[in-house]
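Note sheet for the following structure.
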């Protein structure tokens with residue numbers, strides 16, 4: 001005797017399409033609302049750090065790809081998703097279908113309107129690119145270049161080994177953000193709201209004396225004063241990782257890599 005009763009569908013199968021959409025919504029909320037607070041806690045900031053748009057796009061794309069692959073691995077899942085859109089079933093399913101089919105075009109329309117509408121811009125805040133060097137760093141002197149007389153385009157032969165070591169340290173630790181040429185185009189550069197400094201730009205390390213980068217390398221973005229905001233630097237503090245000797249070597253390798261020379265300190269002459 002044949003059993004003509006079809007097995008009851010699981011709740012997860014009957015609402016497969018809403019579950020897929022819910023996963024995408026949850027992932028978007030985590031990236032947009034939760035991650036900024038997590039990043040702020042990790043780096044010790046008092047305010048939230050928004051998730052970079054590129055990173056958010058990649059995570060959402062990967063989540064969408066995963067859910068699409070999972071949904072299409074079985075014909076039954078594909079049929080269930082399509083059936084949810086055109087078959088009249090329970091009242092709850094019909095209400096959800098109306099909500100989904102109404103919300104999607106509304107959200108798309110809002111996205112198009114937001115990108116095309118003229119926005120009211122907030123007044124621009126002035127940001128000091130090179131804030132004043134703290135006092136304890138003012139009198140630091142490069143032990144490998146104590147007289148500030150090094151030719152950075154053609155360094156002395158006795159400094160070549162030290163500079164080569166500094167270039168290696170730069171490539172190992174600074175290249176991901178500042179790039180192999182020091183031009184700010186490292187593989188991680190596009191993930192940050194404030195792009196890493198381009199050391200080849202005449203307005204960056206070519207305008208500061210050698211002891212200034214010591215402060216920036218040691219203290220990083222968390223050590224910047226408020227006048228250097230609102231666009232916070234993502235530069236980490238390297239003080240726990242490098243000795244003073246290594247930092248000086250990195251600075252020398254940095255200038256050579258970027259093909260620029262530091263500004264010479266002003267010397268006061270008594271009359």
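The values are calculated or read from the model by the stated rules, or taken from the named source; none is laboratory data. These numbers come from a predicted model, not from an experiment. Cβ sites come from the backbone with ideal geometry, for glycine too, and all protein chains shown count toward neighbours.
Do we find that residue 232 is assigned to a helix (DSSP H, G or I) and either at pLDDT below 90 or farther than 24 Å from residue 131 by Cβ (or both) in this structure? No; evaluated as a whole, the condition is false for this residue.
Assess whether residue 149 counts as being modelled with pLDDT under 85, exposed (fewer than 11 other Cβ atoms within 10 Å of the Cβ) and assigned to a loop (DSSP other than H, G, I, E, B). Taking the combined requirement at face value, the residue satisfies it.
Of the residues in region 152-174, at least one is closer than 14 Å to residue 214 by Cα and in a helix (DSSP H, G or I).
For region 25-42, name all the residues that are surrounded by fewer than 15 Cβ atoms within 10 Å (Cβ to Cβ) and in contact (Cβ under 8 Å) with a residue 12 or more places away in the chain. Matches in region 25-42: 28, 32. Residues that are over 8 Å from the mean Cα position of the chain (by Cα) and either crowded, with 18+ Cβ neighbours inside 10 Å or over 20 Å from residue 131 (Cα atoms) (or both) within region 185-199 comprise 185, 186, 187, 196, 197, 198, 199, listed in sequence order.
Residues of region 73-88 that are in contact with a helix residue (DSSP H, G or I) (Cβ under 7 Å, 6 or more places away or on another chain) and exposed (fewer than 10 other Cβ atoms within 10 Å of the Cβ): 88 alone. For region 166-184, filtered to residues that are touching a helix residue (DSSP H, G or I) at 6+ places or on another chain (Cβ under 7 Å) and surrounded by fewer than 16 Cβ atoms within 10 Å (Cβ to Cβ), the residue that is farthest from residue 257 (Cα to Cα) is 180.
The condition of being within 25 Å of residue 51 (Cα to Cα) and either in contact with a helix residue (DSSP H, G or I) (Cβ under 9 Å, 6 or more places away or on another chain) or surrounded by fewer than 17 Cβ atoms within 10 Å (Cβ to Cβ) (or both) holds for residue 221. Of the numbered criteria (1) touching a residue at least 24 places away in the same chain (Cβ under 8 Å); (2) touching a helix residue (DSSP H, G or I) at 6+ places or on another chain (Cβ under 7 Å), the one residue 227 fails is (2).
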